[in-house]
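A quick write-up on the structure given underneath.
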Amino acid sequence: MINIVGDNELDRHMWLESLLREGVYQVTFTKIDGTSRTMPCTLKPELLPARPVAEQLVNKIPKVLKLETMSAWATDIEQWRSFRVMNVTAVEQL
């Protein structure tokens with residue numbers, strides 16, 4: 001189990017992003033409906049699906065970074081999922 005870092009959305013978001021870019025982690029968080037979810041996920045580039053050509057266009061309008069949420073590749077279901085960074089209750093390296 002890894003100690004959770006970050007007392008605010010910015011610090012927590014940056015910490016989680018740096019971890020997930022390095023490998024696969026099991027992240028446990030409280031969903032909006034109050035239930036708990038444990039999700040193996042990553043942001044490690046070589047483990048992510050290929051981006052469609054349309055998303056690689058240079059003149060594309062950039063997305064706004066939402067610090068309160070983190071989007072990550074859920075390795076168990078092979079889909080993008082998001083969670084609120086301040087609702088994370090546990091992180092464990094897989």
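Helix content alone sets the calculated 222 nm mean residue ellipticity of the chain: runs of n ≥ 4 DSSP H residues at -39500 (n - 2.57) each, divided across all residues, give -4000 deg cm²/dmol.
With Cβ to Cβ distances under 10 Å as the rule, what net charge do the other residues near residue 31 carry (K, R +1; D, E -1)? Taking every other residue near residue 31 into account, the sum is +1.
Placing a label point 7 Å from the Cα of residue 92 along the Cα-to-Cβ line, the residues of segment 1-31 whose backbone N sits under 14 Å from it are 1-3, 25-29. Approximating the spin labels as points 7 Å out from Cα along Cα→Cβ, the residue 71-to-residue 30 distance works out to 2.6 nm. Helix 9-20 versus the longest principal axis of the chain: what angle, 0 to 90°, nearest 10, using Cα atoms? That works out to roughly 70 degrees. Comparing 43, 16, 67 in a Gaussian network model of the chain where C-alpha atoms under 10 Å apart are linked, the largest mean-square fluctuation is found at 67.
Values quoted throughout were computed directly from the atomic coordinates according to the rules given, and no laboratory measurement underlies them. Quantities reported herein were computed from a predicted structural model and do not represent experimental measurements. Cβ atoms come from the backbone with ideal geometry, glycine included; neighbour counts cover every protein chain shown.
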